[in-house]
1. Being at negative phi, under 16 Å from the mean Cα position of the chain (by Cα) and touching a residue at least 12 places away in the same chain (Cβ under 8 Å), is that true of even one residue in segment 54-62?
2. What number of residues within segment 25-53 are under 17 Å from Lys107 (Cβ atoms) and without any contact (Cβ under 8 Å) to a residue 60 or more places away in the chain?
3. Listed residues Ile78, Ile69; which is within 23 Å of Lys159 (Cα to Cα) and touching a Cys at 6+ places or on another chain (Cβ under 8 Å)?
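The numbers here are math on the coordinates, done by the rules we state, and not lab data. Because the structure is a prediction, the values reported are computed rather than measured. Reconstructed Cβ throughout: ideal geometry from the backbone, glycine too, with neighbour counts over all protein chains shown.
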Amino acid sequence: MVKAKQLVFIDFEFSMPERHRVPKGFFPEIIEAGVVVVQKGKVTDTFSTYVKPSAFPRLTNRCKRFLSITQDKVDRGISFQTLIDYFNLLNSNGIEKVVTWGNMDMKVLRDNCSQSGIAFPFKAQYVDLSMEYKRFFGDQNQTGLWKAVQEYGREGVGKHHKALDDALTTHHIYNLVEKDKKYLDKAEPTTIGDRIDLSKFYNQLA
């Protein structure tokens, strides 16, 4: 049986310490996950869940305010192991690319796996779409997710810093960038007349 070639768009939200009171040994833990699965250009599955942190289970006030999240929601979330089980299930169906906006999602996932003694689930090609966007448009600085979609004259999906909404917005920008790439690939090659203004030369001959 041939495995499906899936594109998997992921966004995580992480726990964070108070600005001036960082507990000893603190590290960001995934507390919300949003996943969009695409096959042949069509969204075939979405996955949204809170994840219960284990090393530092109590959320800081800063974290709750920034993410508009409550302690009760993450307390009722799935375990980190259950999240990895879901990713392993996606792997069993075949993944072509894992796409995120920025590199923090995969860095924190890898660190959380290491801290938990769990194997990192992904072996597929990894795409940091924010870097592709930066290279494609020649930006000096890395652009934020929602600023990028607004630069396209569009709006993000749902609410910023909600994991599934950000994953859907990442998928949206991916489609826009890929469309622009195809447009450039199909562009007619320029002739010398396109590159040099010959009107002055012709005027001299008239």
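1. no
2. 4
3. Details: Ile78 fails: touching a Cys at 6+ places or on another chain (Cβ under 8 Å).
Testing whether each residue is within 23 Å of Lys159 (Cα to Cα) and touching a Cys at 6+ places or on another chain (Cβ under 8 Å) leaves just Ile69.
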